[in-house]
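Structure first, then comments.
The values are calculated or read from the model by the stated rules, or taken from the named source; none is laboratory data. Since the structure is predicted, the reported quantities are computational estimates derived from the model, not experimental observations. Please note: Cβ atoms are built from the backbone with ideal geometry, for glycine as well, and neighbour counts cover all protein chains shown. Accessible surface areas use protein heavy atoms only, side chains included; no ligands, DNA or RNA. Shrake-Rupley method; radii C 1.70, N 1.55, O 1.52, S 1.80 Å.
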Amino acid sequence: MRKTLLALFMVLTSTASLLAQDIYLGPYVLLKGGTNVAGIPDGQSTSANFNGIPDFGLTAKWMFDKYSNLGGVLDFGYSTYSFRIGPSNAPEATDASTIIFKPSYITITPSIYLSGFTLGFAFGFPVAYSVRSATGDDKTGQFLADVQDINGPLIELRIGGMIPVLKSETGTLSILVQGGYMLTGMIDKTYWEKYSSMFKDAANNPKVISLGVGVNYLFNLAEL
């Protein structure tokens, strides 16, 4: 019995060691901006906005084979999106009348990794939102609901690149380039139907397309 347990322990230890050779884990930070690509209400116009708040979190990368460029990536992070909307009429289009929507989510993003390129889907759970004029005035109160009522769950298509720039025995520093497209509307359907006045048509439920640049450092778990 003792020999059997010892043999099992050795097998498990060896397996974990082999797997760790192809697993990398570390933090990332990403600066991004976005704009609304859904329908726009009559009399309104939309434009891009830089988020200000960086995305951040942890990235795990697992290579299917140490001799292959194919693997999987899993990101767990805090993601923010934003866009501007305001009157399209020039005399009325001022900073005071331009609204900046900025929702934030906890996101889980599984992706396929191939030679530095990534393709996957982000699944987001709303945790915060900000609505301010371009002059900085708080407009959140006019929506008569908290974040759980306004922001709906997020599904986003993500495509990007992870470009190694510095390697060491412990890990790799990479530059990140990430593009995203929301497949779901930003505002929860129930809230939309009950309260929404600015976006009356369901086709106008905002969907953000975003672009970001950042860095990550992934530790080689086999070297820790």
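Considering only residues in segment 10-46 that are in a loop (DSSP other than H, G, I, E, B) and either surrounded by fewer than 14 Cβ atoms within 10 Å (Cβ to Cβ) or over 21 Å from the mean Cα position of the chain (by Cα) (or both), the one that is modelled with the lowest pLDDT turns out to be Gln21. On inspection, Ile150 qualifies as modelled with pLDDT under 85, in contact with a helix residue (DSSP H, G or I) (Cβ under 7 Å, 6 or more places away or on another chain) and β-branched (Val, Ile, Thr). Read through the list (1) open to solvent by 60 Å² or more (accessible area, probe 1.4 Å); (2) at pLDDT below 90; (3) closer than 24 Å to Thr184 by Cβ, then give the number of the only condition that Phe76 fails. Failing condition for Phe76: (2). Across segment 45-87, the number of residues qualifying as touching a helix residue (DSSP H, G or I) at 6+ places or on another chain (Cβ under 9 Å) and under 16 Å from Leu119 (Cα atoms) comes to 1. Among the residues of segment 106-127, those identified as within 18 Å of Ile159 (Cα to Cα) and not small (Gly, Ala, Ser) are Thr107, Ile108, Thr109, Pro110, Ile112, Tyr113, Leu114, Phe117, Thr118, Leu119, Phe121, Phe123. Applying the criterion of being at pLDDT below 95 and touching a Gly at 6+ places or on another chain (Cβ under 8 Å) to the residues of segment 115-133, the residue that is surrounded by the fewest Cβ atoms within 10 Å (Cβ to Cβ) is Gly116.
Look through segment 47-71, keep the residues that are charged (D, E, K, R) and at pLDDT 90 or above, and return whichever of them is most open to solvent (accessible area, probe 1.4 Å). Applying the filter and picking the extreme gives Lys61. Taken over segment 187-218, the criterion of being open to solvent by less than 80 Å² (accessible area, probe 1.4 Å) and either part of a strand (DSSP E or B) or at pLDDT 85 or above (or both) is satisfied by Ile187, Pro206, Lys207, Val208, Ile209, Ser210, Gly212, Gly214, Val215, Asn216, Tyr217, Leu218.
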